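The block underneath contains the structure these notes are about, expressed in structure tokens.
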Amino acid sequence: MANGTKRLPRAVREQQMLDAAISAFAANGFSDTSMDAIAAEAQISKPMLYLYYGSKDELFSACIARESGRFMEAMSAGFDPSLRQKDQARTLVREFLRFVHENSESWRVLYRVAVGTASFAHIVSESRAGITGMITDLIRRGTTIEGARDVDFELTAVALVGAGEAVADRISEGDIDLETATDLLLGITWRGLRGVGVSEVHIGDE
């Protein structure tokens with residue numbers, strides 16, 4: 001056990017445990033990560049880890065809750081209804097990809113490990129639904145084309161979130177830099193927003 005850890009406030013120690021768990025889960029997945037490994041990463045004893053989190057499932061749930069909350073906070077901070085649609089789209093894309101760039105381990109745990117673990121996938125689905133709802137509202141408010149339906153807004157948002165997750169995966173692996181990814185995803189997003197409610201016949205006319 002590291003010197004001085006006994007005097008840490010409970011809240012601080014909990015965060016250190018979660019940080020260690022995020023790192024371990026991101027590297028090895030859920031099944032291949034042991035509580036022994038997490039305790040070693042956190043520089044505490046395994047009994048102390050179990051004192052705070054009674055099982056690996058409970059610890060992983062705490063990790064997912066914290067990281068999905070941080071992700072939603074980052075996205076919400078960039079959501080300003082007073083901005084023009086294009087400016088809002090740019091802000092959302094930038095904040096989304098910046099979070100992934102600065103928190104690649106969190107992203108891998110949320111959108112790889114948790115999604116692939118049946119008992120936790122619903123937590124990620126709730127987070128994704130929140131982001132999708134935010135973008136749906138953005139599209140709805142910024143669309144002036146007659147004939148656009150609610151389903152047009154929702155499906156466009158789903159497609160944009162899917163594209164965002166794919167690009168974010170590349171960022172988390174270091175395959176593409178943040179600025180290039182931001183420009184790419186913003187282009188896709190803006191073309192998608194402009195196409196809401198436009199019939200296939202007219203898509204090529206712009």
Per-residue ellipticity at 222 nm attributable to helices in the chain (runs of n ≥ 4 DSSP H, -39500 (n - 2.57) apiece, nearest 500 deg cm²/dmol) works out to -23000 deg cm²/dmol
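Can you tell me the FRET efficiency between S125 and S82 if r is taken as the Cβ-Cβ distance and R0 is 22 Å, rounded to the nearest 0.05?
On the way: r = 30 Å, r/R0 = 1.36.
Calculated value: 0.15.
Please report, in debye to the nearest 20, how large the charge dipole of the chain is about its Cα centre when each Lys and Arg carries +1 at its beta carbon and each Asp and Glu carries -1 there. Numbers along the way, then the final one.
Numbers: 22 positive and 30 negative charges, 148 e Å.
The calculation lands at about 720 debye.
Want the number for D36 to D175: 0.36 nm per residue separation, take away the alpha-carbon distance, what's left?
Values: separation 139, 0.36 × 139 = 50.04 nm, distance 3.19 nm.
Length difference between fully extended and current span is 46.9 nm.
May I ask you to derive the relative contact order of the chain, considering only C-alpha pairs under 8 Å and at least 6 residues apart, and to give it as an integer percent? Let's see the in-between values first.
Numbers: 188 pairs, mean separation 41.8, N = 206.
RCO, the chain: 20 percent.
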Could you derive backbone 3J(HN,Hα) for the range 38-43 from the dihedral phi with the Karplus parameters 6.51, -1.76 and 1.60 (θ = phi - 60°), listing whole Hz in sequence and x where the residue is Gly or Pro? 5, 4, 5, 4, 7, 6
Which angle between 0 and 90 degrees, to the nearest 10, do you get for helix 178-194 versus the longest principal axis of the chain when only C-alpha atoms count? 40
Once you charge only the Cβ atoms, +1 for Lys and Arg and -1 for Asp and Glu, what is the size of the charge dipole of the range 11-68 about its Cα centre, to the nearest 20 debye? 120
In degrees from 0 to 90, rounded to the nearest 10, what is the angle of the helix 10-28 Cα long axis to the longest principal axis of the chain? 70
Of L155, G187, M75, which is farthest on the positive side of the dipole of the chain, counting Cα position, with +1 on Lys and Arg Cβ, -1 on Asp and Glu Cβ, and the Cα centre as origin? M75
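Contour minus end-to-end for Y52 and R149, with contour as 0.36 nm per residue of separation and end-to-end as the Cα-Cα distance?
On the way: separation 97, 0.36 × 97 = 34.92 nm, distance 4.90 nm.
Taking Y52 through R149 to full extension adds about 30.0 nm, to one decimal.
Suppose every Lys and Arg Cβ carries +1 and every Asp and Glu Cβ carries -1, with no other charges. What dipole size does the range 60-146 come out with about its Cα centre, to the nearest 20 debye? Each step should come with its number before you reach the end.
On the way: 12 positive and 10 negative charges, 34 e Å.
So the magnitude is around 160 debye.
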Please list, in order along the range 114-131, the HN-Hα scalar couplings obtained from phi with the Karplus expression 6.51 cos²θ - 1.76 cosθ + 1.60 (θ = phi - 60°), rounded to whole Hz, x for Gly and Pro. 5, 4, x, 10, 3, 6, 10, 4, 5, 5, 5, 4, 5, 5, 5, 5, x, 5
Have a look at G130, G54, G69 and tell me which one the Gaussian network model of the chain (Cα, springs below 10 Å) gives the largest fluctuation. G54
So, how do all the Cα-to-Cα distances of the range 15-85 break down into 10 Å bins, in percent, from 0 on up? 19, 44, 18, 11, 7, 0
For the chain, built as a Gaussian network whose Cα springs stay under 10 Å, the top-fluctuating residue of S119, S61, S82: S82
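For the chain, report the accessible area per residue in Å² (1.4 Å probe, heavy atoms, rounded to an integer).
On the way: 10750 Å² over 206 residues.
Value for the chain: 52 Å² per residue.
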In the chain, what percent of the accessible surface is made up of carbon and sulfur (1.4 Å probe, ligands and nucleic acids excluded)? 51
Among T132, T182, T33, which one moves the most in a GNM of the chain with springs linking Cα atoms closer than 10 Å? T33
Positive end of the charge dipole of the chain (Lys, Arg +1 and Asp, Glu -1 on Cβ, about the Cα centre): tell me which of T132, V12, M35 has its Cα farthest that way. V12
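The values are calculated or read from the model by the stated rules, or taken from the named source; none is laboratory data. In this text, all values refer to a predicted model and were calculated from it rather than measured experimentally. Don't worry about glycine lacking a Cβ; one is built from the backbone with ideal geometry, like all the others, and counts go over all protein chains shown. Accessible surface is based on the protein model in full, side chains and every heavy atom, while ligands, DNA and RNA are left aside. Shrake-Rupley method; radii C 1.70, N 1.55, O 1.52, S 1.80 Å.
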